[in-house]
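Here's the structure we're looking at; comments come further down.
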Amino acid sequence: MAKMTGVRVMGPQGGAAPRRATVRRSLLALGPAQGDRMSAWRVGLSVAVPSLGLLALGRPGLIIYAVFGAFIGMYGRNEPHQMRLVHQAQAAVLLVGGTLIGIGLSALGVRPWTLVLTEAFIAGVGSLFADRYRLKPAGPFFCLFALGACASVPLAVPWWGAAIACVGSAGFAAMVGFAGWFGAQTWASGAGRPVVPTVSAAVLVHALRYVLAVGTAGAAGILMGIGHPYWAMAAGAVPLAAETLGARVQRGIHRVFGTLAGVGLTALVLLPRPSVMVLGLLVVALQFPSELFMARHYGFALVFFTPLVLVMTYLAAPTDPGILMADRAVETAIGAAAGVLVAVFIREPGTSRNPLR
């Protein structure tokens with residue numbers, strides 16, 4: 001995803017052209033390719049094998065847990081194999097940990113406010129952990145998403161069955177990510193050491209942003225009476241993964257418009273009420289384009305990622321598709337707004353008040 005540069009574009013009379021033209025271009029620009037196709041194949045395979053296995057076993061409701069485990073395959077996409085393995089193991093602390101916490105909260109039947117407080121706390125801790133090891137994708141978004149989704153879905157199997165689906169899928173994704181090493185067989189020293197030696201003021205402020213954005217978004221979702229407040233909390237974390245304020249605002253905009261387009265695509269999928277087998281196959285198919293464009297244009301990737309999320313949620317807890325899609329759209333707007341506002345008002349220590357920095 002392209003970042004804002006803040007370059008002044010001169011108009012025909014020598015004055016500065018409206019900044020919105022530059023912003024518009026940055027919102028539409030497709031970033032350079034960076035090994036996206038190979039990464040998409042790896043993540044697609046990591047999702048496909050456990051998902052198809054669960055379909056064959058007649059357990060489509062477990063796909064949601066397997067997909068969250070497989071998401072560790074998104075990490076270390078262009079790194080050497082041993083670095084990828086280490087970073088995926090570190091990412092598993094967040095993703096598998098968040099999924100297991102969510103499963104536990106679902107088994108306990110926790111109330112929505114307890115979920116908001118838990119997610120806000122985990123958001124801060126996850127931010128510190130992700131910054132400590134410079135994980136990419138940055139931030140605790142996938143951890144928060146997994147935690148909230150799994151906590152909000154009623155368990156149709158014993159908790160340990162859901163946990164096995166997640167852990168097993170994560171292990172398979174790590175194997176897929178490391179498989180290429182057997183051809184190269186090279187090893188780099190120092191893999192996995194923390195690259196941030198101390199917890200700086202900027203790192204602590206960033207963690208605070210996550211706590212406030214996630215907590216505010218979740219509280220707003222509950223007070224508005226919308227059915228899936230964890231979507232608002234996940235969306236609240238999205239803008240904060242970017243490095244600059246301008247990029248955070250851009251990412252928030254991508255989140256809203258990409259989700260809305262994805263909801264439209266979901267309507268074409270869910271409203272005809274296809275079979276469970278078709279829906280399970282769609283989860284597998286949608287993962288590839290989601291990962292293919294995730295690093296190049298976040299908004300475009302969400303056109304595919306949104307129906308993937310909604311379909312696997314529907315498989316885990318079937319409900320009215322119209323309500324499901326409406327909740328997704330509204331909660332995303334609430335969360336993205338919360339994340340952007342927190343980014344605007346809580347700035348890095350010692351930075352200027354330039355709105356694009």
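Every read-out reported here was derived from the displayed coordinates using simple, explicitly stated rules and does not represent laboratory data. Predicted model, so just to flag it, every value in this text is computed and none were measured. Note: ideal-geometry Cβ built from the backbone for every residue, glycine included; neighbour counts use all protein chains shown.
The string of couplings for the range 246-260 from the Karplus curve (6.51, -1.76, 1.60, θ = phi - 60°) is x, 5, 5, 4, 4, 5, x, 5, 4, 4, 5, 6, x, 5, 4 Hz, one whole number per residue in order, with x for Gly and Pro.
Pairs of alpha-carbon atoms within less than 8 angstrom and 6+ residues apart define the contacts here; what relative contact order does the range 199-328 have, in percent? Intermediate values should be presented prior to the final figure.
On the way: 133 pairs, mean separation 30.9, N = 130.
Once divided by the residue count of the range 199-328, the mean separation gives 24 percent.
Once you sort the root eigenvalues of the Cα gyration tensor of the range 214-357 as a ≥ b ≥ c, which label holds: rounded (a/c under 1.5), prolate (a/b larger than b/c) or oblate (the other case)? Oblate shape, in that a/c is at least 1.5 and b/c is the bigger or equal ratio. How many nm separate the modelled label positions at residue 159 and residue 199, each set 7 Å beyond the Cα in the direction of the Cβ? Rounded to a tenth, the inter-label distance reads 2.7 nm. Taking a ≥ b ≥ c as the square roots of the Cα gyration tensor eigenvalues, with a/c under 1.5 meaning rounded and otherwise prolate when a/b beats b/c, else oblate, which class fits the range 274-315? Since a/c reaches 1.5 and a/b is larger than b/c, the shape of the range 274-315 is classed as prolate.
Take the Cα of residue 132, step 7 Å toward its Cβ, do the same at residue 178, and the gap between the two points is 2.1 nm.
Placing unit charges on each Cβ (+1 for Lys and Arg, -1 for Asp and Glu) gives the range 264-357 a dipole about its Cα centre, and among 287, 310, 300 the Cα reaching farthest toward its positive end belongs to 300.
On full extension, the segment bounded by residue 347 and residue 125 gains 78.0 nm, given 0.36 nm per residue less the C-alpha separation. Spin-label model, residue 52 to residue 320: label points 7 Å out along the Cα-to-beta-carbon direction sit 3.7 nm apart. Net charge dipole, the range 187-336: roughly 260 debye, given to the nearest 20, about the Cα centre with Cβ charges of +1 for Lys and Arg and -1 for Asp and Glu.
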